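A quick write-up on the structure given underneath.
FYI, it's all coordinate maths here, none of it is from the lab. Computed from a predicted structure; not experimentally measured. Every residue, glycine among them, receives a Cβ derived from its backbone with ideal geometry; neighbour counts consider all protein chains shown.
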Amino acid sequence: MRLTRLSLHNFRSFTRLDVEVPPGNTLIVGPNAQGKTSILEAIYLLATFTSFHAGQDRELINFVESRQATAVARIQAEFERGGKPHSLEVRIIKERDRQGRERVRKQALVDKAQKKISEALGHFNAVLFLPQMLGVIEGSPGDRRRYIDLALSQAMPAYAIQLNDYNKVVSQRNALLKQLQENGGDKSQLDFWDTRLAQHGAHIIHTRILAIQELESAAARIHHELTRSNEVLRMDYRPAYDPLPTPNGQRTLLDAPVDRRSFTREKIESGFLAALAASRQAEIWRGSTALGPHRDDLRFLSNGIDLGTYGSRGQVRTTMLTLKMAEVDWLHQRTGHMPVLLLDEVLAELDTERRADLLDRLGQWEQALMTTTDLNLFKPEFVAEAHRWNIREGRLES
Ligand SMILES: Nc1ncnc2c1ncn2[C@@H]1O[C@H](COP(=O)(O)OP(=O)(O)O)[C@@H](O)[C@H]1O
Ligand SMILES: [Mg+2]
């Protein structure tokens, strides 16, 4: 898959940008705060419809435009998939409702036809690598869930829909638990929400089990190469509701791999429902939902050691590179198309050897866009062959 044209309108610092995107590798070069990362952010939005940066969509709309009562940021793209041309557009719209309250919404158009966001997912795929993604390994379980959810949603739009529904059920169920905690009442009101939680939750757990196992096999192979056969990487999925309970809930560092692939969705659903029934009173005391995929974790183990806790800086960086390359392979296998690669100031984060590994692999991929403040990080041969965009104050020179 490859992006052929990108147009931005009132997106971040770009009031207007319109550029043809070449195949192969493009280096986006310029000093800090010139809009390099924003270009990658815009492209990633076409794949996920969510920003990797902004807490809120309104931040994506250009500051000046945003002063208007109605303001629109627009990302338009043309791309090729399987040799056929397609187009995609995302609009971020800020407007006022009849009561004068401000609201921000998103619109998506696929091949010029308006679609729900869930239907627009999966047309264009991208893998993004940011230096702060080391947080996926070292950070909170929430960071890891986000990594998995963004990767899975792109390849499996049905997963994104389930996730969205699931999250709504969790917040409604939490509101009811809180009410039962504070005021008491008929506990059987929970039955309805338990059923829905188990339904959507089982879908998510089941998908995560299979996809994490697939990602793990791609990652293990790549990690073996990147560490010159010194390290064996494992991705250890730890569902909060585990269809395969471990004795006393104990896990040790050197746990043998657990295979949950034999569990059907129905089996997970009925087990989850039973677990909810068993923990009902505890959840009412707590006033929130304790069990389910919104509390899952995923650990990365190298030679049996948990990298989140014991990984050296170098190991964590190499593992992150592994995970990103595995994401590319996995998306390729799943969708039949090579995703576009987006690398933000990544080279500065890697040691010389990993840098060479990454640049070698870039040659095998269809298209990559990478930002840098410093061209010296790249081998001269690489710079000579790559396309270059110089960027300054929101203007781009090809
Ligand atoms: N909504 C917005 N409207 C206008 N400018 C913005 C907006 N959001 C961010 N910026 C500006 O964009 C610049 C940051 O762009 P960024 O893509 O991070 O630059 P780079 O990656 O080149 O360092 C900053 O100067 C910031 O003030
Ligand atoms: Mg940047």
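Computed from Cα atoms, the angle from the helix 157-183 axis to the main principal axis of the chain rounds to 40 degrees.
Test of understanding: what is the full-extension gain from Glu385 to Lys178, defined as 0.36 nm times their sequence separation minus their Cα-Cα distance?
Details: separation 207, 0.36 × 207 = 74.52 nm, distance 6.03 nm.
Result for the pair: 68.5 nm of gain on full extension.
Semi-axes of the equivalent ellipsoid for the stretch 133-336, computed as √(5λ) from the eigenvalues of its C-alpha gyration tensor and ordered from largest down, come to 33, 18, 15 Å. Separation of the stretch 75-149 from the stretch 303-320 is 30 Å, based on Cα centroids.
So how do Lys168, Lys115 line up by other beta-carbon neighbours within 10 Å, fewest first? Numbers along the way, then the final one.
Values: Lys168 12, Lys115 15.
Arranged by neighbour count, lowest to highest, Lys168, Lys115 become Lys168, Lys115.
Counting only alpha carbon atoms, the long axis of helix 352-362 and the longest principal axis of the chain meet at about 80°. For each pair in Lys267/Lys324; Lys94/Lys115; Lys112/Lys168; Lys178/Lys267; Lys116/Lys324; Lys116/Lys267, compute the distance between the two Cα atoms and list the pairs where it is over 26 Å. Correct reply: Lys267/Lys324; Lys112/Lys168; Lys178/Lys267; Lys116/Lys324; Lys116/Lys267. One decimal place: the segment Asp18-Ile305 gains 98.5 nm when fully extended, by the rule 0.36 nm per residue minus the C-alpha distance.
Potential lengthening of the chain between Ala274 and Asn164 amounts to 37.3 nm, from the contour at 0.36 nm per residue minus the alpha-carbon distance.
Rounded to the nearest 500, the helix-only mean residue ellipticity at 222 nm of the chain stands at -13500 deg cm²/dmol, with each DSSP H run of n ≥ 4 adding -39,500 (n - 2.57).
Approximating the spin labels as points 7 Å out from Cα along Cα→Cβ, the Val64-to-Gln364 distance works out to 4.6 nm. Taken along the Cα-to-beta-carbon direction at a fixed 7 Å, the label points for Val232 and Arg103 span 5.4 nm.
What FRET efficiency comes out for Gln189 versus Ser217 if R0 is 51 angstrom and r is the Cβ-Cβ distance? Round to the nearest 0.05. Efficiency, from the Cβ-Cβ distance: 0.70.
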